[in-house]
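Report on the structure given below.
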Amino acid sequence: MDHSPNQSRPIVTQTTTRAQRSTRTLRDAILTLRLAPGARLVERDLVTQLGVSRTGVRAALQSLDAEGLVVRGRRGVFSVAAVSAEEARQIYEVRAALEPAMARLFIERATAAQIAALGAAVMHAEAAARNLDAAAYVDAFGAFYAVLLAGSGNEVARRILNTLNARIAYLRHLTTQRAPLARQLRTVTLLRGIFAAVQARAPMLAARRCAAFVARSARFALDVLAEST
């Protein structure tokens, strides 16, 4: 009897791990557009595809619902959510309001290790673009902004943007698929410009470059979404 609590712990851990794995698998399929917006997500099909229990699938769908990547229909069936042009516009408005301020704060508060990590993300983005590795390219941009937000030291702003993280990643995947190599390399150059302003300890320049970067991204994303409708 004394050993029963210890015996139950691996079962809970295993169940949690399976649910997390299911969530990651589904999230990746949605973000990389292998599951198209509007695609129905039937539990029994997902159980077979993912090799996990129905409980794990339900937990994954609930997590992705909270992230805004899936929506529940009137009959309780989930489907892949679509980011509308209006929602995208609002997401970019939030980014435009917060990210320039985070760049200024980053210069004031970031550690040497965080500055180095910011530069490493730029290098990874350029290497991914030249290797035509869209997934690594998007991941590098995610890493850049994760470091920027962490180094800003503003936890409230970081939490606000983290609630949009999945939809921001979705938009990055969508636009990366449509962007020619020349545009991707130009985007990396602009990202490098933000990093150069950070290295120069020029907060206002970094903020202006962040704002211009978001505005450019917004225009392209809205064009891509308009073409998709």
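Going by the conditions given, is residue 34 exposed (fewer than 14 other Cβ atoms within 10 Å of the Cβ) and either touching a helix residue (DSSP H, G or I) at 6+ places or on another chain (Cβ under 7 Å) or not assigned by TED's automatic domain parsing to the domain that holds residue 158 (or both)? Spelling it out, residue 34 is indeed exposed (fewer than 14 other Cβ atoms within 10 Å of the Cβ) and either touching a helix residue (DSSP H, G or I) at 6+ places or on another chain (Cβ under 7 Å) or not assigned by TED's automatic domain parsing to the domain that holds residue 158 (or both). Scanning segment 174-194 for residues that are surrounded by fewer than 20 Cβ atoms within 10 Å (Cβ to Cβ) and in contact (Cβ under 8 Å) with a residue 60 or more places away in the chain, we see that the one that is nearest to residue 108 (Cα to Cα) is 192. Among the criteria (1) among the β-branched types (Val, Ile, Thr); (2) part of a helix (DSSP H, G or I); (3) surrounded by 17 or more Cβ atoms within 10 Å (Cβ to Cβ), the one residue 52 does not fulfil is (2). Inclusion of residue 185 among residues that are part of a helix (DSSP H, G or I), under 19 Å from the mean Cα position of the chain (by Cα) and not small (Gly, Ala, Ser) is not warranted. Residue pairs whose Cβ atoms lie under 6 Å apart, sitting 6 or more positions apart in sequence or on different chains, and linking a residue in segment 37-48 that is closer than 19 Å to residue 21 by Cβ to a partner that is part of a helix (DSSP H, G or I) and of a type outside the set (A, V, I, L, M, F, W, C), are 43/54; 47/54. Return the residue satisfying two criteria in turn: it lies in segment 57-87 and is part of a loop (DSSP other than H, G, I, E, B) and touching a residue at least 60 places away in the same chain (Cβ under 8 Å), and of such residues it is farthest from residue 18 (Cα to Cα). Among them, the one singled out is 84.
When residue 105 is tested against (1) surrounded by fewer than 17 Cβ atoms within 10 Å (Cβ to Cβ); (2) more than 18 Å from the chain's Cα centre (by Cα); (3) farther than 19 Å from residue 138 by Cα, just one condition goes unmet, and that condition is (1).
The values are calculated or read from the model by the stated rules, or taken from the named source; none is laboratory data. Since this is a predicted model, take the numbers as computed values, not measurements. Neighbour counts run over all protein chains shown; Cβ positions are idealised from the backbone, glycine included.
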